[in-house]
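Okay, structure first, notes after.
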Amino acid sequence: MEPLVNFFEAIKNTTTLELLAVSFGLISVLFARVNHILLFPSGLISTAIFSYMWVQHSVGLYAEGVLNLYYFIMTLYGWYNWSQRKKENHELPISQCTKNEHKIALTLSLVASLIFYLLLLQTPSTVAFWDAVVAATACTGMWLLSKRKLENWIWLNISNALSIPLFIYKSYALSALFTLVLFIIAISGYSYWKKQIIQQELSKQAH
């Protein structure tokens, strides 16, 4: 019963910054689900706020802070990539990872986890390992999202699944709820993007 009471108490103590970050993050992921370019401007606002929040000494989620800075940079890159393709009338299609891209994604996650963990050992972080893995798997997911790869949803959901208990432990209940929503939307997003790939293949065959 006490954890539930603490959870609702944390919801009541939600700051304006967290509320704004969560709101724009939700808007961004809803646009991502339907493959819409507006996911990028809304994502920039959310990631900028979260990056600032997590590196505060009282929070100590340093890898999450660096992760959101990485999100910010990758969001800019993804926005440019998608826009450029649109200008050239050659929109970047949704596709699945090749065997080589699967290997790169796995290697990126493992190496990034190790790097984040070693760096976090030099900070006051009390959740160095989990913070590192959350950040690393999300980095991989964002890289794949910028390339419009279907598997981005899988990697992002690994990160989401680990983030939920981490945020609850740190008393950021609204962020935990937001991440649960992201987890559900990511499942839906995977299904939607998969259908888009099938439609693309049928369209190619028709031509």
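The values are calculated or read from the model by the stated rules, or taken from the named source; none is laboratory data. The shown structure was predicted, so the numbers you read here are calculated from the model rather than taken from an experiment. When the accessible area is computed, the model is the full protein with side chains, heavy atoms only, and any ligands, DNA or RNA have been set aside. Shrake-Rupley method; radii C 1.70, N 1.55, O 1.52, S 1.80 Å.
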With eigenvalues of the C-alpha gyration tensor scaled by 5 and rooted, the stretch 23-114, Å = 26, 20, 10
request  = Consider just the alpha-carbon atoms of the chain and return their Rg together with their Dmax, both in angstrom.
outcome  = 17.6, 62
task = Assuming a ≥ b ≥ c are the square roots of the Cα gyration tensor eigenvalues, decide whether the stretch 129-207 counts as rounded (a/c under 1.5), prolate (otherwise, with a/b larger than b/c) or oblate.
result = prolate
inquiry  = Counting heavy atoms of the protein chains only and a 1.4 Å probe, report the per residue accessible area for the stretch 54-179 as a whole number of Å².
reply    = 49
note = Asserting the computed 222 nm helical MRE of the chain (DSSP H runs at least 4 long, -39500 (n - 2.57) per run, divided by residue count, to nearest 500) equals -27500 deg cm²/dmol
inquiry  = On C-alpha positions alone, give me the angle between the axis of helix 39-54 and the longest principal axis of the chain, in degrees, nearest 10.
reply    = 20
request  = Round to a whole angstrom and tell me the spacing of the C-alpha centers of the stretch 161-182 and the stretch 116-154.
outcome  = 15
key: Share of carbon and sulfur in the accessible heavy-atom surface of the chain [1.4 Å probe, %]   = 68
remark   = Heavy-atom accessible area of Leu114, protein chains in place, probe 1.4 angstrom, given in Å² to nearest 10, is 100
key: Listed residue pairs exceeding 26 Å between alpha carbons, taken from Lys147/Lys204; Lys147/Lys170; Lys170/Lys195; Lys103/Lys204; Lys147/Lys195; Lys149/Lys170   = Lys147/Lys170; Lys170/Lys195; Lys103/Lys204; Lys149/Lys170
